[in-house]
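Note sheet for the following structure.
The values are calculated or read from the model by the stated rules, or taken from the named source; none is laboratory data. All values derive from a computational prediction rather than experimental measurement. Please note: Cβ atoms are built from the backbone with ideal geometry, for glycine as well, and neighbour counts cover all protein chains shown.
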Amino acid sequence: MDVLRKLLLLAGCLTLGACAALSGRPGTGTQAAIDDEAQAARARIGRKVKGLIVWSSSRAGNHNLFTMNPDGSHIKMITRGETVDWFPRFSPDGREILFCRSKQGWVYERDANMNFKWDLFTVSSDGGEPRKVAGDACWGTWTGPRQIMFSRNTKVFTKDLGSGQEKLLLDSTRVESLGGAELQQPQLSPDGKCLALTLRGARRQTGVYDLQAHSWAHTGEGCQVNWFPSGGRILWVNPSGNGGSELFSIPLKGCRPEREYSYEEMRYLDIPGRRSHEYFPKLSPDGKWLVWAATRRGHDHDIADYEIYIWEVGRPAAEATRLTFHSGNDRWPDIFTLATGGEHAAGQ
């Protein structure tokens, strides 16, 4: 590695707002003891919500997918192997999980937009043999019971899993306001009219693209934009706050902010304490629960000691509950709740 490359890694955020580490891939780490206060907090969560959480963890080597109950109990490993499995997302009925898998061995998350390094797979939420559903693709999400959406560098596609037909939804090289930027974590609004995006490469910002008016609304900096399940509001990670990141949120009118918002108006969640570097937020289908991961300031997404948290939306930030206590890397959680998902949930 040459001197310039080392300086770049040390000085800045190469992708996703995370400083690239020089130490290489993560180890398996160790399980920490859970004190009585943390156990009591997890028990309170268990009495309030039923469902399933999935996340990516390095605790068994390269990243695999694990599931657990919303109170942190019944941890189960559901994928295995020497690839990197990450960005898991529950299907609308909670029975399947869509995820991104490296084609070969260890690959950094900062290479997410090198689509030739990744494929998309689905696996049952109970575990089983994964099935490849899209090649040379990353950042997969569900847009319907049998339809997914994903990125290939500057392009966003949808795919019908029944027919196998793909459709180009957006190409940033054809949109002047996007300037050929890499398109990360595309998130379709509930009404299907707006596409929330993180731009990288030629641009570094978050915003919403109007698929009908073909216009771009820059909403902020940071990354990882999510829609609230009811629509009309977005949530994202902003590079500010107690631990160097916090969650911002604003309402939208159509695909644009209703007006300009102040810093205080946009602040949504910033947990207290040293472990307050929040990333990977995901709301439950009913919008009542938020899961994410947090570490200490300035760490690489797929190497740092991130831990999974859950929070009942609207409660004080100090009531956020830590669910994992492992020195491995835990990231990109998703939550499926029985309140909106029917009677199915693995791990119960």
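Rundown of residues vs (1) at pLDDT 95 or above; (2) more than 15 Å from Lys76 (Cα to Cα); (3) not basic (Lys, Arg), yes/no style:
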| residue | (1), (2), (3) |
| --- | --- |
| Glu307 | yes, yes, yes |
| Ile310 | yes, yes, yes |
| Arg315 | yes, yes, no |
| Arg322 | yes, yes, no |
| Arg331 | yes, yes, no |
| Ile335 | yes, no, yes |
| Gly341 | no, yes, yes |
| Ala346 | no, no, yes |
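Which numbered condition trips up Gly180, out of (1) touching a helix residue (DSSP H, G or I) at 6+ places or on another chain (Cβ under 9 Å); (2) under 27 Å from Val291 (Cβ atoms)?
The number of the failed condition is (2).
Just checking, how many residues over the range 152-174 are among the polar types (S, T, N, Q) and either crowded, with 19+ Cβ neighbours inside 10 Å or closer than 17 Å to Gln185 by Cβ (or both)? I'd like the intermediate steps shown before the answer.
To start, the set of residues in the range 152-174 that are among the polar types (S, T, N, Q) comprises 153-154, 158, 163, 165, 172-173.
If we keep only those that are either crowded, with 19+ Cβ neighbours inside 10 Å or closer than 17 Å to Gln185 by Cβ (or both) as well, we get 153-154, 158, 172.
Number of matching residues: 4.
Since Gly287 meets every condition but one in (1) in a strand (DSSP E or B); (2) touching a Phe, Trp or Tyr at 6+ places or on another chain (Cβ under 6 Å); (3) not hydroxyl-bearing (Ser, Thr, Tyr), which condition does it not meet?
Condition not satisfied by Gly287: (1).
Please verify whether Trp236 is out of contact with any Phe, Trp or Tyr (no Cβ under 6 Å at 6 or more places or on another chain), surrounded by 16 or more Cβ atoms within 10 Å (Cβ to Cβ) and either modelled with pLDDT of 95 or more or over 26 Å from Val54 (Cα atoms) (or both), treating the condition exactly as stated.
No; evaluated as a whole, the condition is false for this residue.
For Ser177, indicate whether it is crowded, with 19+ Cβ neighbours inside 10 Å and out of contact with any Cys (no Cβ under 8 Å at 6 or more places or on another chain).
It is false that Ser177 is crowded, with 19+ Cβ neighbours inside 10 Å and out of contact with any Cys (no Cβ under 8 Å at 6 or more places or on another chain).
For (1) crowded, with 19+ Cβ neighbours inside 10 Å; (2) in a helix (DSSP H, G or I), each residue gets a yes or a no:
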position: Ser240; (1), (2): no, no
position: Gly243; (1), (2): yes, no
position: Phe248; (1), (2): yes, no
position: Leu252; (1), (2): yes, no
position: Arg259; (1), (2): no, no
position: Glu265; (1), (2): no, yes
position: Ile271; (1), (2): yes, no
position: Arg274; (1), (2): no, no
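What number of residues within the range 69-116 satisfy the criterion of being in contact with a Lys or Arg (Cβ under 6 Å, 6 or more places away or on another chain) and closer than 17 Å to Leu183 by Cα?
Summing the residues that are in contact with a Lys or Arg (Cβ under 6 Å, 6 or more places away or on another chain) and closer than 17 Å to Leu183 by Cα in the range 69-116 gives 2.
So, in the range 206-221, exactly how many residues are on the phi > 0 side of the Ramachandran plot and either touching an Asp or Glu at 6+ places or on another chain (Cβ under 9 Å) or among the hydroxyl-bearing types (Ser, Thr, Tyr) (or both)?
0
Within 17 Å of Ile97 (Cα to Cα) and modelled with pLDDT of 95 or more: is that true of Arg131 in this structure?
yes
Mind listing whichever residues of the range 40-93 are closer than 30 Å to Asp111 by Cβ, acidic (Asp, Glu) and modelled with pLDDT of 95 or more?
From the range 40-93, those closer than 30 Å to Asp111 by Cβ are 52-68, 75-92; that's our starting set.
Checking which are acidic (Asp, Glu) leaves us with 82, 85.
The one that is closer than 30 Å to Asp111 by Cβ, acidic (Asp, Glu) and modelled with pLDDT of 95 or more: Asp85.
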